[in-house]
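Asker: Got a structure for you, questions after.
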Amino acid sequence: MTETPHAKGQFQGTFAPISSHVYPVLFAIMAVVFILSNIGAAKGVQIGPLLTDGGFFLFPVAYIVGDIISEVYGFKASRRVIYTTFLIAAFASLTYWIIIILPPAEFYDGQEALVRTLGPVPLIVLASLAGFFVGQLSNAWIMVAMKRRSGERYLFGRIAASTLVGELLDTIAFSAIAATVIGIETFGQYLVFVLIGWVWKFTVEIVLAPVTMWTIRKIKAAEPQYGTVIGE
């Protein structure tokens with residue numbers, strides 16, 4: 001029995017080419033959100049007994065965008081975004097360092113505040129880069145690998161499973177480096193920081209999964225060549 005292209009696509013995964021006007025927009029959103037979350041992460045935040053960082057509300061957005069890119073454009077397209085965002089964030093960290101070491105003008109009275117705000121960022125960026133790289137790559141790989149098995153079905157399951165693993169690896173890698181930078185000193189505080197970060201990121205993405213799925217459907221519909229790339 002001859003297998004139809006549609007049936008074949010169900011098991012290999014069908015995607016859109018990256019030569020669309022939507023892909024660069026998602027690319028830019030990912031980079032901007034990641035850089036802003038790194039700056040926010042330099043501030044330790046305590047809400048009641050919960051310890052987290054100032055970028056806690058931004059970072060889940062990067063994973064939502066990552067899910068959209070992986071689902072619509074495939075693993076190679078996601079990997080390109082991850083690598084480039086990685087380099088952009090590293091360049092931003094270098095830029096902060098140069099700004100700090102430049103000699104301040106006599107009338108400038110904000111050097112101490114600048115150092116206090118942006119000084120920890122290079123270490124935070126290092127932590128974020130490690131977490132982002134491991135977490136996003138695993139998130140994208142799981143998302144696409146599951147799609148190759150199920151085709152267009154079980155989108156929520158792909159989002160949940162990839163997020164569960166990706167966010168966990170991300171949070172462990174990030175927290176191992178960033179915890180002391182934002183003022184966490186004991187192992188107990190570290191465990192709370194990891195647990196809160198992971199649960200928060202996972203919960204946000206699951207709660208927003210209907211919005212993510214709606215956005216994915218809209219982008220697929222807006223991509224006239226969606227389905228022409230197989231097995232990316």
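The values are calculated or read from the model by the stated rules, or taken from the named source; none is laboratory data. Remember, predicted model here, so these are calculated numbers, not experimental data. Glycine gets a Cβ as well: all are built from the backbone with ideal geometry, and neighbour counts include every protein chain shown. Accessible surface is based on the protein model in full, side chains and every heavy atom, while ligands, DNA and RNA are left aside. Shrake-Rupley method; radii C 1.70, N 1.55, O 1.52, S 1.80 Å.
Asker: Pop out the ³J(HN,Hα) list for the range 165-175 in order, Karplus 6.51 cos²θ - 1.76 cosθ + 1.60 with θ = phi - 60°, rounded to Hz; leave Gly and Pro as x.
Answerer: The phi angles translate into 6, x, 5, 5, 5, 4, 5, 5, 5, 5, 5 Hz.
Asker: Towards the positive end of the charge dipole of the chain, with charges on Cβ (+1 Lys, Arg; -1 Asp, Glu), say which of Leu169, Pro120, Gly44 has the farthest Cα.
Answerer: Leu169
Asker: Same structure again: Heavy-atom accessible area per residue, the range 49-103, 1.4 Å probe: how many Å²?
Answerer: For the range 49-103, the per-residue accessible area is 43 Å².
Asker: Would you kindly calculate the mean projected area, averaged across all directions, of the convex hull enclosing the Cα atoms of the range 151-201, in square nanometres?
Answerer: 3.8 nm²
Asker: I'd like the FRET efficiency for Trp97 and Glu185, computed as 1/(1 + (r/R0)^6) with the beta carbon distance as r and R0 of 30 Å, rounded to 0.05. Could the numbers behind the result be given before it?
Answerer: Values: r = 25 Å, r/R0 = 0.84.
Efficiency for this residue pair is about 0.75.
Asker: Give me, ordered by chain and number, the residues 5 or more places off Val229 or on other chains with an amide H under 5 Å from its own placed amide H.
Answerer: Counting only residues 5 or more places away or on other chains, the set is Phe15.
Asker: What accessible area per residue comes out for the range 125-232, rounded to a whole number of Å², with a 1.4 Å probe?
Answerer: Result: 48 Å² of accessible area for each residue.
Asker: Based on the alpha-carbon set only, what is the convex hull volume of the chain divided per residue, in Å³?
Answerer: 127 Å³
Asker: Longer than 26 Å from Cα to Cα, which of Lys43/Lys220; Lys43/Lys218; Lys76/Lys218; Lys43/Lys76 are they? Say none if no pair is.
Answerer: Over 26 Å Cα-Cα: Lys43/Lys220; Lys43/Lys218; Lys43/Lys76.
Asker: I've got another one for you. Give me the percent of accessible area attributable to carbon and sulfur for the range 190-232, probe 1.4 angstrom.
Answerer: Carbon and sulfur together cover 75 percent of it.
Asker: Explain nothing, just the number: dipole magnitude of the chain about its Cα centre with +1 on each Lys and Arg Cβ and -1 on each Asp and Glu Cβ, in debye rounded to the nearest 20. Before the final figure, lay out each step's value.
Answerer: On the way: 15 positive and 14 negative charges, 180 e Å.
Using Cβ point charges on Lys, Arg, Asp and Glu, the chain gives about 860 debye.
Asker: In percent, what relative contact order does the range 145-231 have, based on Cα pairs under 8 Å that are 6 or more apart in sequence?
Answerer: 34 percent
Asker: Another question about this same structure. Assign one of three labels to the range 128-232, namely rounded, prolate or oblate, based on the Cα gyration tensor with a ≥ b ≥ c the square roots of its eigenvalues; rounded applies when a/c is under 1.5, prolate when it is not and a/b is larger than b/c, and oblate otherwise.
Answerer: Prolate, because a/c is 1.5 or more and a/b exceeds b/c.
Asker: Express the relative contact order of the chain as a whole percentage, based on alpha carbon pairs under 8 Å and six or more residues apart in sequence.
Answerer: 34 percent
Asker: Taking square-rooted eigenvalues a ≥ b ≥ c of the alpha carbon gyration tensor, is the range 58-140 rounded, prolate or oblate, where a/c under 1.5 means rounded and, failing that, a/b exceeding b/c means prolate?
Answerer: Details: a/c = 3.30, a/b = 3.01, b/c = 1.10.
Prolate shape, in that a/c is at least 1.5 and a/b is the bigger ratio.
Asker: Each residue of the range 154-163 in order: what ³J(HN,Hα) in whole Hz does its phi give by Karplus 6.51 cos²θ - 1.76 cosθ + 1.60, θ = phi - 60°, with x for Gly and Pro?
Answerer: 6, 4, 4, x, 5, 4, 5, 5, 5, 5
Asker: Right, here's the next one. How large a share of the accessible area of the range 46-117, in percent, is made up of carbon and sulfur atoms when the probe is 1.4 Å and the other protein chains stay in place?
Answerer: 70 percent
Asker: Among 29-42, 139-152, 79-92, 106-119, how do they line up from the highest to the lowest mean number of other beta-carbon atoms within 10 Å? All intermediate terms of the calculation are to be shown ahead of the outcome.
Answerer: Details: 29-42: 21.3, 139-152: 19.7, 79-92: 17.3, 106-119: 11.5.
Put in order of decreasing packing, that is 29-42, 139-152, 79-92, 106-119.
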